[in-house]
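Comments concern the structure below.
The values are calculated or read from the model by the stated rules, or taken from the named source; none is laboratory data. Small disclaimer: the values here were computed from a predicted structure and weren't measured. Heads up, the Cβs are rebuilt from the backbone with ideal geometry, glycines too, and the neighbour counts pull from every protein chain shown. Ligands, DNA and RNA are stripped out before the accessible areas are found, and what is left, the full protein with its side chains, is counted by its heavy atoms. Shrake-Rupley method; radii C 1.70, N 1.55, O 1.52, S 1.80 Å.
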Amino acid sequence: MLNSSSVLEFKSTTFFTPILILNTNDIAAIEQTLQEKISMAPDFFKHSPLVIDVRELNKSELDFSVTEIVETLRRIGLFPIGLRGGTEQQNSQAQKLSIPVDAGRDHDAGAAAQHDRRAAVATDAGAENPAAESMNGEDKSPKAAATAASATAGLTAQSAVPVQPVRTMLVTQPVRSGQRIYAPGDLVVMSQVSAGAEIMAEGNIHVYNTLRGRALAGVQGNTSARIFCLDLQAELVSIAGDYKTSEHITKAIQKKPVQIYLQDHALIINEIA
Amino acid sequence: MARIIVVTSGKGGVGKTTTSAAIAMGLAKKGHKTAVIDFDVGLRNLDLIMGCERRVVYDFINVINGEASINQALIRDKNCNQLYILPASQTRDKDALTLEGVGRVLEELAKEFKYIVCDSPAGIEKGANLALYFADDAFVVTNPEVSSVRDSDRMLGILASKSRRAERNEEPVREYLLLTRYDPNRVKSGEMLGLDDVQDILSLQLLGIIPESKSVLTASNAGIPVILDEKSEAGLAYQDVVARYLGEDRPHRFIDDKKGFFRKLFGGRL
């Protein structure tokens, strides 16, 4: 790699993970239902990571032990990797078991939409609601709902990775030889980038002038990042680690306004007409 | 308010000391009290170019270490009483320079002088960094060839990030380009980068083009700043540089061969 130490590197990505929504605190029923599901599709569930959703349980003010649920899931070959919708006490139980806790900030107002989205995600991931049939028919008093809402840690993102707000860095001075610029989001450079200078961004790079130095976009692994520049004379361009040196940039597009992007791990450089 | 000018380039042998001597003399001749400091500790040259090498008693490092007062170390130029030289130490190295010490000397000089010219050593190490740290203006001396241009670009990056003005987030150091050892004939034949090629990369305010000239070497050997040689193109070019720096609007000359006006005037003497 060009821009990180050889020992390790950090990248961020989005995973789809089945969410196990529990509607009962009856451990035996949960175990039995899960066993049945697994026997139907053993390969699918084998070593499957799961996020445990206990919001329904808390809404219904059902008593349960996170430790007990986690142990049960592990016993039947599943890997619980997260808890959502837990109370403070349940969250601390999960953390003791080294299980990350989702502490989203969804409000009750979005609960319905959220429920739909959750269902969609679960379907996307091929997981059904294993405990649906043992739904407990208790009344949901307004009081209980309010308690649940305050105790509920909702999710906005469908993944365990929080979505970072996009930040753009603007550079108006020339980037001289030997200077390095790192932008955690997008990078916009209005001046020239000299040979021997290095500009890096986790997002896209725009250079509204001559690019003579090195430009590395998507340095944390964002393969959809792009580089745009008005006059391509770069020493090196890279997107998410795939790079081309000036030697491999064809003459036809040199000194032209271009955009650079990744397509099937190939770095494409196109003139912007 | 004194203005501190650094003459810098990154690369060696491009004409920093020649330029420092010339512009310091030029400013002094215009009536401004000027000091020129040699930052090239261990490789003292400015005293030779200024022709005062036999009058050096104390030096810059002595002043920094408190072994001599600034007035004891300053040497008054024999051609111009508005010009003073602070020589470098020949027996020490750059480690003898300290940020605090240099700052103190410049502060003291600033009380008496209008312009303080800092002749930077080559490289991007301590000597060069301290020479530019306190600068208000930078004269970037560049030869029309790729390695010199790239090194100048690097110096500009350092000026923009490591100078005191940059660190304090003040108005940035004013950067000027001085293209030295320029030979229009070799530019024409493609052996040398042209002004446009250089400006393409550096895009700086051009203070002047100093043509390649034998008179520079002659002047150096004689210990008389070339700006005093009014018969040489280089001398005239430096006079233009000083005038432009002081705000005069003078057209650039010596850019191409065709304006043989001076050539005719001086019988083809370069």
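Of the beta bridges DSSP finds with both residues in segment B:3-264, what % are antiparallel, to the nearest 5?
Of all bridge pairs located within segment B:3-264, approximately 5 percent are antiparallel.
What angle do you read, to the nearest 10 degrees and between 0 and 90, between the alpha-carbon axis of helix B:233-245 and the longest principal axis of chain B?
60 degrees
At 1.4 Å probe size, put A:E235, B:E233 in order of accessible surface, largest to smallest.
Solvent-accessible surface, decreasing: A:E235, B:E233.
Please tell me the relative contact order of segment B:166-212 in percent, rounded to the nearest whole number, where contacts are Cα pairs under 8 Å and at least six residues apart.
The normalised contact order for segment B:166-212 reaches 54 percent.
How about segment A:165-188: which of its residues lose at least 40 Å² of accessible area in the presence of all protein chains relative to their chain isolated, using a 1.4 Å probe?
Residues passing the criterion (a loss of at least 40 Å², heavy atoms only) are A:R176, A:S177, A:Q179.
With every protein chain left in place, what is the accessible area per residue of segment B:3-264 in square angstrom, probe 1.4 Å?
42 Å²
Straight-line reach from A:K46: which lysines fall under 16 Å, measuring Cα to Cα and dropping same-chain residues less than 8 apart?
A:K37
Could you pull the accessible area for A:V188 with a 1.4 Å probe, rounded to 10 Å²?
Approximately 30 Å² of A:V188 is accessible to the 1.4 Å probe.
With Kirkwood's inverse mean 1/r over C-alpha pairs for Rh, give me the Rg to Rh ratio of segment B:38-118, two decimals please.
Expressed as Rg/Rh, it is 0.92.
What is the pair-distance distribution P(r) of segment A:19-102, computed from all Cα-Cα distances in 10 Å bins starting at 0, with each bin given as a whole percent?
Spelled out bin by bin, segment A:19-102 gives 18, 55, 24, 2 percent.
Any idea what angle helix B:16-29 forms with the longest principal axis of chain B, computed on alpha-carbon atoms, 0 to 90 degrees, nearest 10?
Once rounded, one gets 80 degrees.
Order B:D119, A:D26, B:D40 by their accessible area, 1.4 angstrom probe, all chains in place, largest first.
Of B:D119, A:D26, B:D40, the descending order of accessible area is A:D26, B:D40, B:D119.
Please report, in Å, the Rg and the Dmax of chain B, where both are computed over Cα atoms only.
Just the Cα atoms of chain B yield Rg and Dmax of 17.7, 55 Å.
Could you name the aspartates and glutamates whose alpha carbon sits less than 16 Å from that of A:K59, not counting residues in the same chain fewer than 8 places away?
The qualifying aspartates and glutamates are A:D26, A:E88, A:D106, A:D108, A:E138, A:D139.
³J(HN,Hα) across segment A:243-255 via Karplus (A = 6.51, B = -1.76, C = 1.60, θ = phi - 60°), whole Hz, x for Gly/Pro?
Those phi angles translate into 9, 9, 8, 4, 4, 9, 9, 5, 3, 4, 9, 6, 6 Hz.
Once you have the Cα-Cα distance between B:K231 and B:E248, take 0.36 nm times their residue separation minus that, and quote the gain in nm to one decimal.
Here the answer is 4.0 nm.
Residues of segment B:41-74 with backbone nitrogen within less than 17 Å of a virtual label 7 Å along the Cα-to-Cβ line of B:K111, please, listed as ranges.
Once the point is set 7 Å along Cα→Cβ of B:K111, B:63-74 turn out to lie under 17 Å by backbone N, inside segment B:41-74.
Can you give me the Kirkwood hydrodynamic radius for segment A:169-271, using every pair of distinct Cα atoms, in Å to one decimal? List each step's numbers first, then the result.
Details: mean 1/r = 0.0781 Å⁻¹.
Taking every pair of different Cα atoms in segment A:169-271, averaging 1/r and inverting gives 12.8 Å.
Please work out the Cα center distance from segment A:172-211 to segment B:100-169, rounded to the nearest Å.
24 Å
Cα axis of helix B:146-162 to longest principal axis of chain B: angle in degrees, 0 to 90, nearest 10?
40 degrees
Just give the residues from segment B:144-184 buried by at least 30 square angstrom of accessible area in the all-chains context relative to the isolated chain, probe 1.4 Å, and say none if nothing qualifies.
B:R150, B:D153, B:R154, B:G157
Using a 1.4 angstrom probe and counting only protein chains, how large is the accessible area of B:L48 in Å², to 10?
Around 80 Å² of this residue is reachable by solvent.
Could you work out the local net charge near A:Q263, counting Lys and Arg as +1, Asp and Glu as -1, over the other residues with Cβ closer than 15 Å to its Cβ? Present the calculation step by step, with values, prior to reporting the outcome.
Values: positive: A:R226, A:K244; negative: A:D242, A:D264.
Charge balance near A:Q263 sits at 0.
So for B:H32, A:H47, A:H265, B:H252, what's the accessible-area order with a 1.4 Å probe, most first?
Heavy-atom accessible area, descending, gives A:H265, A:H47, B:H252, B:H32.
Measuring with a 1.4 Å probe in the full set of protein chains, what accessible area per residue, in whole Å², belongs to segment A:19-102?
Details: 4060 Å² over 84 residues.
Each residue of segment A:19-102 exposes 48 Å² on average to a 1.4 Å probe.
Roughly how much accessible area, to the nearest 100 Å², goes out of reach of solvent when A and B pair up, both sides summed, probe 1.4 Å?
Using a 1.4 Å probe, the pair buries roughly 800 Å².
Based on the Cβ-Cβ distance of A:L8 and B:D200, what FRET efficiency does E = 1/(1 + (r/R0)^6) give at R0 = 30 Å, to the nearest 0.05?
0.15
In the structure displayed, which of A:K251/B:K16; B:K33/B:K214; A:K244/B:K126; A:K244/B:K16; A:K244/B:K11 lie more than 32 Å apart, Cα to Cα?
Result: A:K251/B:K16; A:K244/B:K126; A:K244/B:K16 exceed 32 Å.
Give me the 1.4 Å probe accessible area per residue for segment A:169-271, excluding ligands and nucleic acids, in Å².
43 Å²
Measure off, as a whole percent, the carbon and sulfur share of the 1.4 Å-probe accessible area of segment A:19-102, all protein chains present.
Looking at segment A:19-102 in its full context, I get 51 percent from C and S.
Please report the carbon-and-sulfur percent of the accessible area for segment B:73-119; probe 1.4 Å, protein heavy atoms only, DNA, RNA and ligands left out. Show your work: numbers first, answer last.
Working: 960 of 2160 Å².
Solvent-exposed carbon and sulfur of segment B:73-119 make up 44 percent of the total.
Accessible surface of B:T98 in the full protein assembly, 1.4 angstrom probe, to the nearest 10 Å²?
50 Å²
Express the Stokes-Einstein translational diffusion coefficient of segment B:2-72 in µm² s⁻¹, to the nearest whole number, given a Kirkwood radius over alpha-carbon pairs, 20 °C and a viscosity of 1.002 mPa s. Before the final figure, lay out the partial values.
Numbers: Rh = 13.4 Å.
Using the Kirkwood radius from Cα pairs, D works out to 160 µm²/s.
Give the calculated FRET efficiency between A:E31 and A:I81 to the nearest 0.05, with a Förster radius of 25 Å applied to their Cβ-Cβ distance.
FRET efficiency, A:E31 to A:I81: 0.85.
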